[in-house]
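The values are calculated or read from the model by the stated rules, or taken from the named source; none is laboratory data. Everything numeric in this text was worked out from a predicted model, so none of it was measured. Using ideal geometry, Cβ is built from the backbone for each residue, glycine included, and neighbour counts are taken over all protein chains shown. Surface areas here come from the heavy atoms of the whole protein model, side chains and all, with no ligands, DNA or RNA. Shrake-Rupley method; radii C 1.70, N 1.55, O 1.52, S 1.80 Å.
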Amino acid sequence: MNDIRRTLLWVVFSMSLVLLWDGWNKHNGRGSMFSPTPAATTATGPASAAAGAASSAALPVPGATAATAPPSAAVIPGAEPAAAPAAAQAELVTITTDVFRITFDAVGGDPVKVELLRQLDQHDPTKNVLVFDRSAERRYLAQTGVLGVQGGIPGPTHLTPMKWVPGKRDLEAGSDELKVRFESPEVGGATLAKTYIFKRGSYVVGVSLELANLSAAPISPQAYLQLVRDGNAPAGESSFYFTFTGPAIYDDATKFNKIEFKDIEKRGAAEKPSHPVAADNGWVAMVQHYFASAWLVPDKLAREFYTRKVGANEYAVGMLVPLGSIAAGQSKTFDATLFVGPQEENKLSALAPGLELVKDYGWFTILAKPLFWLLTQLHGFLGNWGWAIVALVVLLKIAFYWLNASAYRSMAKMKAINPKVTAMRERLKDKPQEMQQEMMRIYREEKVNPLGGCLPIFAQMPFFIALYWVLLSSVEMRNAPWILWIHDLSAPDPWFILPLLMTATSLLQVWLNPTPPDPVQAKMMWIMPLAFSVMFFFFPAGLVLYWLTNNILSIAQQYLINKQLGVLGK
C-alpha cells in the first residue's frame, strides 16, 4: 500500500507522455490512437436523408467523367479556375473596412484573400493574420454558385467570369456599411449577381445571390455555398499540443460534427459520410486554432450538407440549398451569411446556435464554458487578461481549499512517518509479505490513508484541465499583454522566465512531499517535474502563468500545513 500513491503518479505521468505522443502524431498527419473513424450517421430533415446521402456522396471530384456520377448528382465544379480566361483571372478587386482587407477575383466573384486588420500574425507582428488565401503556400477560399439551371446544366458558378460593378472600395469614416457587387453573363439561360454587405466592426458578411431566369421555361435551381481549404495545419502550430484543423458541420439533431481531412481523403465515392447530410437547420464551417469561417443560412430552409475532395490535398465542406421554382423572365434573391474571423465565443453564440463550438474545448466543454465566462467577468473587472488568469486560479484554489487541505494533511502525515517506514523496509527487505503487513499496521496506528493525498487532487483535475483548454483555445489571449516582458499571453515567454519559475516551484513541491523509501522512486520524483517542464518552455505564456500560479498557491498551503504538523524539512 505504501507504493500506491507513487503508482498513481506514474500512471498520470505515463498517460501524459502517451497523450503528448498522440498529439505529435496528429500534428504530423498520422492517425490518433484514440480516434477511430466514426460510424456513419444521418440526420432527418424536410428532404429525404437517404436521397441526400446519395447525392452528396456522389459529388464527383475533378477528373471524374459523367459516367461515374448518377444523373441526379449535383455537379459542383472543382476548386481550380483553370478554364477561366486569363484576362478575367487577372481582375482583382480589393476592399477595406475597419476589420477586413478582402481581395475578390472577378472569376466567380468570390473572396480569394481575407486579411484581419485587428489580428497580428503570431510569428511576424509586422503582418496581419490571413484567413482566406490563394497562394503557392496556402489555399483557403469561400465559393458560391448555382446548379441545375437547365436540364441539370450548372448555371453561373465560382468559375464563371463575372464583372465588378464599380463602387466604393473603402468603408469611409462616418459610414457603417459597404457593398460590393459582381454580375455574371448569361450561363445556361440565367444570370447571377453576388452582393457582399460589410458592416463596421463586424466579421459577419451578408451575401445576397440574385438569380434571373432569362429562359422561356421555369427552372428549379440549387445554390451551393462551400469553403475550400488545403489539408495542412496552420503555419507555426506547436508540436506540443494539438488543436483541430478541418471542416465542421452542425445541425440540431446531431449537434457539432468535426470531420478530419483524412476521413474525407479515404472515403470512397459510394460511402456515406460520417456527418449529417440533410436538415432544415445548421451550418458548415472550416476551423483552425483561434479562427474560423462559416456559411449560415436561415432556419426552416432545406439544405444538404456535403464534404468532398476537390484536388490534391484540397477539401471542401458546403451546403446545397434548393431555391424553388423561378418562372421564365423572373428572378429570385437568396440571402446567406459568411463569417470570417476570430473565435470570440460570446459573439459566435449570438450569431447562430452552436457556432461557439468551433472553439474546441474537447471533452471538457461542460466545465470549460462556465470557466471562460468567469474569466471574462474577471477581465472586465481587472482589465488585464494576465491578472484575470491569476485571479481565476485563486478563486479555484479557494473553492477547493478544504479538499486540498485534506490532501496536503495526508501527505504531511506520510512525510512524518516516512523515517519509520524506511527503517521497517530496510529491516524486512527480504520478507516482502511481512513487510506489507507491517506497513499496514503502521498506517492503522498512525491513522494515515496512503490514497488520501491523491484522491482529492484527482477530483480537481477536470477543472484545471478544462481551464487549460480555455486558455489554449481563447483568441482573446492573442497579443494580450500581462506585465513587463510578457507582451503576448498566447506566445511563449521570450525570456523563459515563467517556465524557469514553474520548474523551480515544481521541484519545491517535490521537496515538500514525502520522500519515497525506494531510492529509485525518490530520484524519479525529482526527474518527473523536470521532464514536464521541458514542454512548458514551448507553451503559451498564459498557460505557464496559470500553472505557475497554481504551483505557488499549492506550495503556500502545503507549507503551512507541514509547519502546523511539524514535518517541515523532514
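A few remarks follow.
- Leading residue by the ranking (farthest from residue 219 (Cα to Cα)) among those in region 148-205 that are open to solvent by 60 Å² or more (accessible area, probe 1.4 Å) and among the aliphatic types (A, V, I, L, M): 173
- Residue 229 vs. criteria among the charged types (D, E, K, R) and at pLDDT 95 or above: yes
- Residue 299 vs. criteria surrounded by fewer than 18 Cβ atoms within 10 Å (Cβ to Cβ), touching a strand residue (DSSP E or B) at 6+ places or on another chain (Cβ under 7 Å), of a type in the set (D, E, K, R) and on the phi < 0 side of the Ramachandran plot: no
- Test: residue in region 531-548 that is in contact with a Lys or Arg (Cβ under 9 Å, 6 or more places away or on another chain), open to solvent by less than 60 Å² (accessible area, probe 1.4 Å) and either modelled with pLDDT under 90 or not aliphatic (A, V, I, L, M) (or both): no
- Residue list for region 265-289, restricted to those being surrounded by fewer than 22 Cβ atoms within 10 Å (Cβ to Cβ) and not polar (S, T, N, Q): 265, 266, 267, 268, 269, 270, 271, 272, 280
- Counted as qualifying within region 136-251 are no strands (runs of 3 or more DSSP E), as none has 3 or more residues that are aromatic (Phe, Trp, Tyr).
- Residue within region 282-296 that is in contact (Cβ under 8 Å) with a residue 40 or more places away in the chain and closer than 28 Å to residue 214 by Cβ present: yes
- Taken over region 108-127, the residue count meeting the criterion of being modelled with pLDDT under 95 and either assigned to a strand (DSSP E or B) or charged (D, E, K, R) (or both) is 6.
- First in region 227-246 and farther than 17 Å from residue 133 by Cβ, second anywhere and in a loop (DSSP other than H, G, I, E, B) and modelled with pLDDT under 80, Cβ under 8 Å, 6 or more apart: 239/28; 243/237
- Just one of the listed residues (412, 459, 399, 423) is open to solvent by less than 50 Å² (accessible area, probe 1.4 Å) and either at pLDDT 80 or above or not polar (S, T, N, Q) (or both), namely 412.
- Number of the condition not met by residue 493 [criteria: (1) open to solvent by 40 Å² or more (accessible area, probe 1.4 Å); (2) of a type in the set (D, E, K, R); (3) assigned to a loop (DSSP other than H, G, I, E, B); (4) modelled with pLDDT of 80 or more]: (1)
- Matching residues in region 312-348 - criterion: being of a type outside the set (Asp, Glu), assigned to a strand (DSSP E or B) and either over 17 Å from residue 132 (Cα atoms) or open to solvent by 20 Å² or more (accessible area, probe 1.4 Å) (or both): 319, 320, 321, 322, 326, 331, 332, 333, 334, 336, 337
- A Cβ distance below 6 Å, combined with a sequence gap of six or more or placement on separate chains, defines the contacts here; from region 349-375, residues that are outside any loop (DSSP other than H, G, I, E, B) reach residues that are among the acidic types (Asp, Glu) in the pairs 349/356; 356/345.
- Number of residues in region 258-283 that are modelled with pLDDT of 90 or more, more than 24 Å from residue 137 (Cα to Cα) and among the hydrophobic types (A, V, I, L, M, F, W, C): the value is 4.
- On the stretch given as region 524-564, residues that are farther than 24 Å from residue 482 by Cβ and either among the hydrophobic types (A, V, I, L, M, F, W, C) or under 22 Å from the mean Cα position of the chain (by Cα) (or both) total 9.
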